[in-house]
Structure formats: C-alpha cells, structure tokens
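> My questions all concern the structure below.
The values are calculated or read from the model by the stated rules, or taken from the named source; none is laboratory data. These figures come from a predicted structure and were not determined experimentally. Every residue, glycine as well, gets a Cβ built from its backbone with ideal geometry; the counts of neighbours run over all protein chains shown.
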Amino acid sequence: MITRSVVRREAITIGIALAVSVVAGSLLIVLTGKSPTEVFSLLISGTWGNAYGFGQVLFRATPIILTGLAVALAFKVGLFNIGAEGQMIVGSFATALCGTSLPDGTPAVIAIPLCIAVGMVGGGLLGSIPGLLRAYYGAHEVINTIMLNFIAAALVLWLGNEFFFARATTRTEPIIEGARLSNFDMFPGSNANTSIVLAILLAVAVHLFLTRTRRGYEWRAVGHNPRAAENGGVNVRATIIGAMTASGALAGAVGANFVLGYKHYFENDMGTGVGFMGIAVALLGRNHPAGIIAAALLFGTLSAGGLTLAVSVGVPKDFISVLQAVIILAVAAAAATMYLRQHKKGDQAGDPQKGKPGQQNQPGKGDNADG
Amino acid sequence: MKQPFFFAIAVLAVAVATAGCKKKETAGQDNSPAGSQTPDKPAAPSAAKSGIKIGLVYDVGGRGDKSFNDSAYRGLKWAETELGVTIREVEPGEGSEREAALRQLAAAGHDLVFGVGFLFTDDITKIARDFPKVKFACVDYTVPDDPSTIPSNLVGLRFREHEGSFLIGAIAGIITKVKTVGFVGGMKIPLIRKFEAGYQAGVKHVCPDCKILSAYAGTTGKAFNNPNKGQELALSQYEGGSDVIYHASGKTGDGVFNAAKEKKKWAIGVDSDQFHVAPCCVLTSMLKRVDVVVFDTIKATVAGEFRNGLQEFGLAEDGVGFVYDDNNKDRLSQDVVDRVNGLTKKIIAGEIKVPFE
C-alpha cells in the first residue's frame, strides 16, 4: 500500500539528493578548470541527445535493472544480497556455455529462452547457497554473498581457462546464430539489444509477484517481521531460500545483455561492477521496480555519458565515478534524515510509513541480531 | 529505529564495492607522471601545427602500470611534443567500454585511433570496418587465421619479443658463474612462450652446456599478478643452482625481484627498464618499445605514409632491445656488451634465426 504522502516524501528525498549531487558535481568540474554548464549539457546531449548515445544508455541500464531487481527482491524479504556480481558472472558464463553447445541451426524460439533460463538457473544456484546457509545455520548472507563473489569469479576463470576459452584468449567460442538477440536499427552503432525488453518484463513480473500473489505477500511478511510471519503459518526457511535463489536468478539473467545481445561470447571481466551497481540502483530506486528502472536509466546515462566526456572534452572518467558515489551518499543521507523526522512525528500520528516499500527489510536485520 | 543502521550498512557496502572497483584506476593516477588534464593544455596550441588528431584507449589497468600502458603513454606524449598532434587518451573501465571508447573516438573525428593490447583485436577489427575513413592501430594484435581479412585502414603492431629475449639469454649465459640460469613466465600462453624460446636459444648460443630452469606462475590471467608465486618459483630456481633469472610475468615479477634481493643474485626485468624495482640486483631489462612503435605509427600517419596489415618490430626496427646505461654499466663489461651487439647485428642480418616456439 503506497499512500500519497509516501510517494511525495520519496520524491522530495530523491529531489534533494539529486540537487546536492549536481552542486557537488559542479564544484568538482570547476576544480578541474572546466565549465559545469558545458560539461552537464554535453553529458545530456551526448546521451539522450542522439540515437547512438541513447542506445548506449539503454545498453548500460539493462544489466543494472536486472541486478537492481535482484538486490531489491532480497531486500523485500529482509535479506541483503551483495552477491549479484558473482551471480551475474556465473549466469553469464552459463548462458554462453548454453549458446556455444547448442547445435547450429537451433531456432531462436528455443535457443534464446533456453540460454536465458540456463543463465538464471546458474545465478539462482549460486544465490541459493547463502540462502541455505542463512535458513539452516543462521550464517549471515552479507558475508557469504561477498565471499561467493570471489569464489564465483575465480571458478569461472579457472573453468574457462581449463576447458572453455578459445586458445590464447580469455573468452569462449562464439554462440550459435540462433541464440543471438537483435540490436535496434533505430540506435545505429550502439550495443542496445532486445534484452532491455526482458529486463522490463522481469521488473513488471517482480512487482506483480510481490503485490498480487499470496506467495509475494508471505515474502513481504517475512521481510516485515519473520517471527510474526512464522506464527501466521509462513515457512520462513523456505522463503529465505526461495528469495535468495530468485534474487540470484535475476542477476543471472544479465548474460542475456552481454552474451546474447552484445559480444556473442563470454569474456572474462565482462560487465565487471554491474552487480555492485545494482545495490546502488536498488537504494536509489527505493526498492520499487519502477524506481529501479528510473535509477538504472540515470546510472546508465552517467556511465555512457562519462565515456563521452572522456572522449570529447577529456574529463577523466573518475569524475563520473565520484558523481555516482555522491548521488548514493546523498540519497542515503536524505532518506535517513527524512525517516528520522517522519519517525518523530509518526510516533504519535498514524505512522504513514508502515506500508512503505524499502523499509520492510528492517525487521530482518533485527531478527538477525537476535541470533 | 534500525532504519538508519540499515542505510549505514548499505552505504558502507556500496562504498567498499566502489572502492574495490576503482582501485586499479586510482593506483594508475598516483604513479602517472602528469595530472590527468595535462593532455589538453599543450594540445590546443600544437593542434594548429599539424591538425592531426590521435586517440588512444589503454589496456586493462590503465596508465601507471610502469610497463605496457605507460610505455604507450610515453609514445603518445612524445608525438604530441615532437609532431604537434592533438591527443586524446581514454582509460576504459569495464570490458564493453573498450569498444565504445574506440567507436566514439572514431566518430569524434580522430585521424588515428590506437587500441593498446591484444584484448582489442576483435573490437578494433569490427570498428575499422564501420569507419573506413579513420585509421586504426592495435598493439599486440592477434593475427587472424586469414591475415588478408584485416581491414585496409587497420595496422596490427606486433613485437618479436623472442629477439630481445635472445640477447637477454646471451647476457645471462655469459654472466652466470655456475652455468645454470632461470626463467619465470606468467601465464602459459604462446605470447610468453616467445620470450622463453628466445631466451633459451640465447643462453645455448653462448653457453651450449648451460642448464636452464624454467617455470610458469599459472594458466590464468592471475599468473601475471601473483608476486608470491613469483617469489616462490624464483627462490626454488636460485636454490636449484641458478644465479640469474629472467622473468616475463608482469606484476608476478615483483616476487622474482624480492627473491633476488633475498638471495643477492641477479634478476632481469622485462618490457620497461625495471632497474628501480630492485637496484641491488637487476642486471638489465628486455625492452619492448611500445613507445617507439606508437610514435612511429603516428609519425607515418602524419607524413601520409600509414601502412595497413601486420607490422612486426624486432631488433632491426628498434622495437625490442636491452638496457645498458649508467645504472648497470659496471654490471655488464664492455666485452659482454660488444658480444651482444655482435649478436644483434647477426640477427638483423639474418645470420641467426631466433626460434619463437
């Protein structure tokens, strides 16, 4: 249930955060001896201002919509999945293995869904491990997902080098023609591909699942208060395992963008960082699928535009990294401030943020502190 | 009430993650000789001199690696001051940025665009076809099965590392007092095998009964970034009786130099002059002149003499060599240098054929 006041407060939060970021970014630009208006207008005209640039924004946004959804879905169940990076790597690798091992001439209607599914299973399996450890042994998923990122990257590199990478390269053989997603003719030269449709469909699916199904209600109940949910008859263990698996599967779908839609093979270090970017996108998007898509478009614009700035005016790419970090910090600070102010009032008043998405994860942390 | 705590965790996690991702880039900035915006300043006046615009995209790691990328950077700066070209350099982050950076540099009207490293091979070949009027150059280009498929506006720049390694082998074979020398390689791939093959041939040329101990740090990319393994391998080779070790292993070589310091034995650097990594113990270094090759390619383009296809740089082209300067002149006697220079002449003349596999 999202009340109007919640929406308004979220909008104010994000607005303040973005305003602070623009001011901080302008100061930085002035320090490097350039004009903020010139740099910001280039950032916009180089991305949303032309077909290639906009295609690149979509291409960059696609994987972080998926990892953002992965992080947000786990958040809703009170779990903090920092393992989207590793799940994304395993999923992409699995997608590529599917695409290379299918026989030539496999029709696209079979090859594409199958390879996406294989990637999601790969990511989901990796996600299920910290889920199981959390459900049965209380081992904290934050630690385990971080650790599994390293294990996943090393395992994939080893498997690739031993068995799958083409000679003297760090990439697999190309996938079959039938497994390739098409690019958009309207964005010539860009890497945008139809996996953006998959990402948006999954965002809608996650939203409908959480708000319109009984299981989704149970998952959110566990996120609210696992004890109460358990007393209400929800299987908390199964929910935790299921949520971590589903979260991993969403991250595992990233291979559709990089492997099926772009390079047509898996390459070591492909997409590095999009898993961590997903955390930022979920935070900025307030864990709501629509918010995540918007946040992913913003971050996609920044990373596509960052390269344009580096090429056209020589602004170092680190500038964009700093700007992204400022946005994240500003959002977190603004949200915390709004929450505290609201909380003081809310103690007496009707407490409007009860139903607010993004705050339901808090009892999960409380549960953990109890052991 | 625990909400702020949750945000603290979230922010911390993102901060840690971002810091982790950025480490490479910032490390590069720390070591780089000049600030990042310096390329712009001298570029403006010199642009008028030639009007030629050069773009360059670095390999993984970016500037400040004290080796490959830095060497490319020196070549670029050299061309800027000497030829008056306008330069634009880009350090790509995640993999897909390599391609996007090449494409945008080409679209922004650069006359010549470099990709530094074999990883660029596929992308630069594709983009060269999309931009037939722009010229492209790829350092360490991987030769396709059919070299005639290389686009007419692309040059693949390759080095005969085995020739430089042959000279290094000869130096090691002369200097060793115990007739045993070592080799530490990074990742076991054909590129590194070229170094080993040339080195072995050089040692055997001057010292047919010398023994060569050889080891690789691994079969993954990490083998170029594993100093502990390098130290372990070097220590075992020093203990196994060798008194000179040549490495071709990137960062892993730091471990080889540590072992040399510990054992007070000789080590030989690679790619750039590595004397300063271990001043006590570096005998010489095999030079891979990425800077010379970048400069020469720009110079040819400015003069309208750009050539496509594959170009190889060995001793004859000054593309490889060894270090002999004030730092190590008391370590290599005039006699040794004369002999090695004699070998250089023979290789250039084709009297000695250096094996590469």
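> Inspect all residues belonging to region B:208-222 and state whether any of them is under 28 Å from residue B:100 (Cα atoms) and in a helix (DSSP H, G or I).
Yes - at least one qualifying residue is present in region B:208-222.
> Now, a different point. Looking only at region B:110-125, filter to residues that are more than 10 Å from chain A (Cβ to nearest Cβ) and surrounded by fewer than 23 Cβ atoms within 10 Å (Cβ to Cβ); which one of those is modelled with the lowest pLDDT?
Only one residue fits best here, namely B:117.
> While we're on this one: Scan region A:3-50 for residues that are surrounded by fewer than 14 Cβ atoms within 10 Å (Cβ to Cβ), farther than 20 Å from residue A:296 by Cβ and of a type in the set (Val, Ile, Thr) and jot them down.
A:12, A:23, A:30, A:37
> Quick check on my filter: what residues within region B:195-246 are of a type in the set (Ser, Thr, Tyr) and without any contact (Cβ under 8 Å) to a residue 60 or more places away in the chain?
The answer is B:199, B:214, B:216, B:219, B:220, B:236, B:238.
> I'd like to verify a number: residues in region B:55-76 that are outside any loop (DSSP other than H, G, I, E, B) and facing chain A (nearest Cβ under 10 Å), how many?
Residues that pass the stated criteria total 2.
> I need the strands (runs of 3 or more DSSP E) fully contained in region B:236-294, keeping only those with at least 2 residues that are closer than 20 Å to residue B:74 by Cβ.
Output list reads B:266-271, B:282-288.
> Within the group B:214, B:242, B:249, B:236, which residue is among the polar types (S, T, N, Q), surrounded by fewer than 24 Cβ atoms within 10 Å (Cβ to Cβ) and in contact with a strand residue (DSSP E or B) (Cβ under 6 Å, 6 or more places away or on another chain)?
The match here is B:214.
> Go over the candidates B:101, B:79, B:128, B:107 one by one and state the one that is within 19 Å of residue A:190 (Cα to Cα), away from chain A (no Cβ under 13 Å) and of a type in the set (A, V, I, L, M).
That would be B:128, the only listed residue that is within 19 Å of residue A:190 (Cα to Cα), away from chain A (no Cβ under 13 Å) and of a type in the set (A, V, I, L, M).
> Would you call residue A:368 within 9 Å of chain B (Cβ to nearest Cβ) and at pLDDT below 75?
no
> Another one. Cβ-Cβ below 6 Å, separation at least six or inter-chain, first residue in region A:257-283 and within 16 Å of residue A:120 (Cβ to Cβ), second in a helix (DSSP H, G or I) and of a type in the set (Phe, Trp, Tyr): which pairs?
Listed by first residue and then by second, the contacts come to A:266/A:93; A:271/A:258.
> Is it the case that region A:105-120 has a residue that's surrounded by 15 or more Cβ atoms within 10 Å (Cβ to Cβ) and assigned to a loop (DSSP other than H, G, I, E, B)?
Checked region A:105-120: at least one residue is surrounded by 15 or more Cβ atoms within 10 Å (Cβ to Cβ) and assigned to a loop (DSSP other than H, G, I, E, B).
> Now, a different point. If I go through region A:1-20 residue by residue, how many of them are at pLDDT 85 or above and under 13 Å from residue A:295 (Cβ atoms)?
Counting residues in region A:1-20 that are at pLDDT 85 or above and under 13 Å from residue A:295 (Cβ atoms) gives 2.
> Can you report the number of residues in region B:83-109 which are in contact (Cβ under 8 Å) with a residue 12 or more places away in the chain and either surrounded by fewer than 21 Cβ atoms within 10 Å (Cβ to Cβ) or of a type in the set (A, V, I, L, M, F, W, C) (or both)?
12
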